[in-house]
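Down below is the structure, laid out as structure tokens.
The values are calculated or read from the model by the stated rules, or taken from the named source; none is laboratory data. Just so it is clear, the structure is predicted and the values come from calculations on it, not from any experiment. Cβ placement follows ideal geometry from the backbone for every residue including glycine, while neighbour counts extend to all protein chains displayed.
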Amino acid sequence: MDVNDLQDLYQQVILDHSRTPRNFRVIDDATSTVEGFNPLCGDQIRVFLSMTNDKVDDISFQGKGCAICTASSSMMTQQVKGKDREQVHQLFDRFHHAVASDNDTVDPETLGKLAVFIGVRKYPMRVKCASLPWHTLKAALEQSNQVVTTE
Ligand code: ZN
């Protein structure tokens, strides 16, 4: 598979998730819910998080966002469900590094399906769209724990 085919595939995945977002619903008994807003683009989402024994028991989102933001939210919910707090933080760091840094040391293998978002680093405006759900999730994680991390 050459680079162009891969780009097409990535685009298909993003389009699919933006048109049919997964876990797009409200969790009534969420342990925490945080709203995220990206004024540059107008993305506005709310992440619902339900933690049990420090694990993501359930996660969902609602809101209005562009295709990148909606697809990123959708894929994030799929990727973090069932993971524990530490694993979610690791995934956040990997994802953030992949989309926000401009060096090429990112190994797509470590990102799994989230590798489709590596392409957004070429579009600085879009980086915020892709990372908004992750920042919102991080805030939701910290709120439920009531402990401020040093990071
Ligand atoms: Zn956006």
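The table for this structure:
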{"quantity": "Test: residue in segment 62-80 that is at pLDDT 95 or above, surrounded by 22 or more Cβ atoms within 10 Å (Cβ to Cβ) and assigned to a strand (DSSP E or B)", "calculated": "no"}
{"quantity": "Condition broken by ASN4, with the remaining ones in (1) at pLDDT 95 or above; (2) out of contact with any helix residue (DSSP H, G or I) (no Cβ under 8 Å at 6 or more places or on another chain) satisfied", "calculated": "(1)"}
{"quantity": "Residues that are more than 16 Å from the ligand (Cβ to nearest atom), part of a loop (DSSP other than H, G, I, E, B) and either out of contact with any helix residue (DSSP H, G or I) (no Cβ under 8 Å at 6 or more places or on another chain) or closer than 17 Å to MET125 by Cβ (or both), drawn from segment 40-61", "calculated": "ASN53"}
{"quantity": "Residues that are aliphatic (A, V, I, L, M), more than 14 Å from the ligand (Cβ to nearest atom) and outside any strand (DSSP E or B), drawn from segment 14-39", "calculated": "LEU15, VAL26, ILE27, ALA30"}
{"quantity": "Test: residue in segment 103-116 that is outside any helix (DSSP H, G or I) and more than 22 Å from ASP8 (Cβ to Cβ)", "calculated": "yes"}
